[in-house]
Amino acid sequence: MKLLLLNGPNLNLTGMRQPDIYGYKTLPEVVSELREFCDAYGCELIDIQSNHEGVLIDAIQDAMGKFDGIILNAGALAHYSYALRDAVACCGIPVVSVHISDVYSRESFRAVDVLADVCISSVVGQGTDGYRIAAERLIGS
Ligand code: DQA
């Protein structure tokens, strides 16, 4: 099994930005823990972080036919990117979306998630553990 972990804008700052909201683990720490978890299931994990919408869309298109699942934290793009939504909807790969924070209890614009209904499920507000929960769902599906 091969999973793609995609993190969008500002998630490279995880562990440093607003740690009261996003926690103290850095993205490399989160990725390495997730890779260890996936390894235990014989599952390969490739990770990409980009602050650019088009790079994320290219990564989803490039994954078609090559990956068994995508874990996607699109950051703020989740709230308004119909282009990313279209890419998720047409890629033919199960996508689980992750939000580290509880977007439903923050500013009202964060309660809108245009990706949610094209993903097979969403993990919201579980901190950085949300990535592992998403991997469990894909490995178990
Ligand atoms: C986030 C929530 C988004 O609203 C925010 O823009 C992010 C991170 C999360 O993981 O909680 O960048 O996706």
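The values are calculated or read from the model by the stated rules, or taken from the named source; none is laboratory data. These numbers were taken from a predicted model, which means no experiment stands behind them. Using ideal geometry, Cβ is built from the backbone for each residue, glycine included, and neighbour counts are taken over all protein chains shown. We work out accessible area using only protein heavy atoms, side chains counted, and drop any ligands, DNA or RNA first. Shrake-Rupley method; radii C 1.70, N 1.55, O 1.52, S 1.80 Å.
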Anything in segment 67-91 that is outside any helix (DSSP H, G or I), within 16 Å of the ligand (Cβ to nearest atom) and without any contact (Cβ under 8 Å) to a residue 40 or more places away in the chain? List them, or say none. TYR80, SER81
Taking into account only those residues within segment 32-66 that are part of a loop (DSSP other than H, G, I, E, B) and away from the ligand (no atom under 16 Å from the Cβ), which is least open to solvent (accessible area, probe 1.4 Å)? CYS43
Quick count over segment 73-92, residues being of a type outside the set (A, V, I, L, M, F, W, C) and in contact with a Gly (Cβ under 9 Å, 6 or more places away or on another chain), is 4
GLU29 versus (1) assigned to a helix (DSSP H, G or I); (2) surrounded by 17 or more Cβ atoms within 10 Å (Cβ to Cβ): which is the lone unmet condition? (2)
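So that you can scan it fast, the table gives a plain yes or no per residue for (1) more than 9 Å from the ligand (Cβ to nearest atom); (2) open to solvent by 60 Å² or more (accessible area, probe 1.4 Å); (3) not polar (S, T, N, Q):
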site	(1), (2), (3)
ILE93	yes, no, yes
VAL96	yes, no, yes
SER105	yes, yes, no
VAL112	yes, yes, yes
So how many residues does segment 97-141 have that are part of a helix (DSSP H, G or I), of a type in the set (Asp, Glu) and more than 25 Å from TYR41 (Cβ to Cβ)? 1
